[in-house]
Amino acid sequence: MGSNRIISPSVLAADFGHLSRDVQMINRSAAEWLHVDVMDGVFVPNISFGFPVMEVLRRESSKPLDVHLMITHPERYVERFADAGAWSVGFHLEAVDDPRPALQLIRAKGCRTCLTVNPDIAVGRLLPWLGEVDMVLLMSVFAGFGGQRFIEDTYQKVRFVRQQIDRQGLTTLIEVDGGVNAQNAPLLFEAGADALVAGSSVFHSSDPEQAILKLKGIAG
Ligand code: DX5
Ligand code: ZN
C-alpha cells in the first residue's frame, strides 16, 4: 500500500567538513535510512565521492546505507559498494543494456536491489523489472545535483507504479528522490511512495531532526 513513510536523508547535502557529526545527527533522528549519492562525472555531469567516504559512512552510520549509483557500468562496481557497507544498491536502468548482471551481483552480496530512472525515461520501462527488484527509485529531479526543484508530474508516476505493484501483488518498494520537502512529502506518501530521499530540506534546515519528523508527517 505504500504507507511505510521511510525517510532517507541524502548525505550529499551534509557538511563534509563535519561528516561524522552530521551522520551522528541522522543516527539520533527518526530517519530510517541514509541515502548515499555516488556520481562519476560521466553518467551525470558531476562528481560526488567514492569508497573512502563510503567507509566513513559505514563506520559512523547506524542506519542502513541506501546507495544510489549515478555511474556508467554499475556492474563493475556494485560488489565493491556492497563490500564497503551498502545495504541496498541502486543503479540507473538507462545506464545499462541489460540490468540483470548487476542485479545478480548485488543480490549475491546479500544487498537489496534497486532500479532507478531519470525523469525523462518512461516509467513503463521499469514495469518488466518490478518483480525482480526490492525497490524502484523514481527521480523527481534530473540526477546530478542536490537542491533542484521537484518535478510535479512525479505524483502521477508514483500512482501508476503503485497500481502496477499492487495489481501484481508485489512488495516492491517505491522511493522518490529529488526536491522532496515538507509540502510535497505528504502528497508523495498519499500517491503511494514508501520512501523519500531528502537532502537540502533536511541538512539545510535549522533543525534537521524536526525536519525529518515533518517529512514523516509526525510533527506539525
Ligand atoms: C540527485 C541525488 C539526490 C539529491 C537529493 O542527483 O540523487 O539524492 O541529493 O537532494 P535534494 O533533496 O536537495 O534534491
Ligand atoms: Zn539520490
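No lab work stands behind these numbers, since they all come straight from the coordinates. Because the structure is predicted, anything quoted here is derived from the model rather than measured. Here Cβ is always computed from backbone atoms with ideal geometry, including for glycine, and neighbour counts include all displayed protein chains.
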Checklist entry - What's the center-to-center distance, using Cα atoms, between region 97-140 and region 142-192 in Å? => result 15 Å
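Based on the Cβ-Cβ distance from His73 to Arg28, what FRET efficiency comes out when R0 is 22 Å, to the nearest 0.05? Show your work: numbers first, answer last.
Details: r = 37 Å, r/R0 = 1.68.
Efficiency, rounded to the nearest 0.05: 0.05.
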Next on the checklist: With only alpha-carbon atoms in the gyration tensor, what are the semi-axes of the equivalent ellipsoid for region 6-216, in Å, largest first?
Outcome noted: 23, 21, 15
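Looking at region 119-176, which trypsin sites (Lys or Arg not before Pro) are in a loop (DSSP not H, G, I, E or B) and have at most 11 other Cβ atoms within 10 Å? The partial results should precede the final answer.
Numbers: sites: Arg125, Arg149, Lys157, Arg159, Arg162, Arg167; in loops: Arg149.
In loop regions of region 119-176 (DSSP not H, G, I, E or B), the sparsely surrounded trypsin sites (Lys or Arg not before Pro) are Arg149.
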Checklist outcome for this item: Projected onto the charge dipole of the chain (unit charges on the beta-carbon of Lys, Arg, Asp and Glu, signs +1, +1, -1, -1), the Cα from Ser29, Gly147, Ser8 with the largest positive-side position is that of Ser29
Checklist outcome for this item: Summed over the other residues with a beta carbon less than 10 angstrom from that of Val197, with K and R at +1 and D and E at -1, the charge totals -4
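Go ahead and run the numbers for FRET between Ile218 and Trp129, Cβ-Cβ distance against an R0 of 35 Å, rounding to 0.05.
On the way: r = 33 Å, r/R0 = 0.93.
The formula returns an efficiency of 0.60 here.
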Checklist outcome for this item: For region 83-127 the mean separation of alpha carbon contacts under 8 Å (6+ apart) over residue count, i.e. relative contact order in percent, is 46 percent
Item to check | Counted charge near His73, where neighbours are those whose Cβ lies closer than 11 Å (Asp, Glu -1; Lys, Arg +1) | outcome: -2
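How big is the Kirkwood radius of region 99-220, worked out from every pair of different alpha carbons and given in Å to one decimal? All intermediate terms of the calculation are to be shown ahead of the outcome.
On the way: mean 1/r = 0.0663 Å⁻¹.
Evaluated over region 99-220, this radius sits at 15.1 Å.
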Checklist entry - With each pseudo-label sitting 7 Å past Cα toward Cβ, what's the Asp83-Glu55 distance in nm, one decimal? => result 1.2 nm
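When the chain is fully extended, how far beyond the present Cα-Cα distance does Glu152 get from Ile121, taking 0.36 nm per residue of separation?
Working: separation 31, 0.36 × 31 = 11.16 nm, distance 1.51 nm.
Length gained between Glu152 and Ile121: 9.6 nm.
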Next on the checklist: Please report the net charge: other residues with Cβ closer than 14 Å to the Cβ of Ile151, K and R +1, D and E -1.
Outcome noted: -2
Checklist entry - How much mean residue ellipticity at 222 nm does the chain get from its helices, if each DSSP H run of length 4 or more adds -39500 (n - 2.57) and you divide by all residues, to the nearest 500 deg cm²/dmol? => result -8500 deg cm²/dmol
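Restricting to Cα pairs below 8 Å that are 6+ residues apart, what does the relative contact order work out to for region 1-134? Please round to a whole percent. Intermediate results must be reported in sequence, preceding the final value.
Working: 215 pairs, mean separation 24.1, N = 134.
Normalised by residue count, the contact order of region 1-134 is 18 percent.
At R0 = 45 Å, how high is the FRET efficiency between Arg167 and Ser206 if r is their beta carbon distance? Nearest 0.05 is fine. Numbers along the way, then the final one.
Details: r = 43 Å, r/R0 = 0.95.
It comes out at approximately 0.60.
Normalised by the residues of region 75-185, what does the relative contact order come to in percent, with Cα pairs under 8 Å and at least six apart? Don't jump to the answer; show the numbers that get you there.
Working: 162 pairs, mean separation 25.0, N = 111.
Relative contact order here is 23 percent.
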Next on the checklist: Placing unit charges on C-beta atoms (Lys and Arg positive, Asp and Glu negative, everything else neutral), compute the dipole magnitude of region 32-113 about its Cα centre in debye, rounded to 20.
Outcome noted: 280 debye
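Using the Cα centre of region 6-216 as the reference point, and only Cβ charges (+1 on K/R, -1 on D/E), how large is the resulting charge dipole? Debye, rounded to the nearest 20.
Computed charge dipole of region 6-216: roughly 300 debye.
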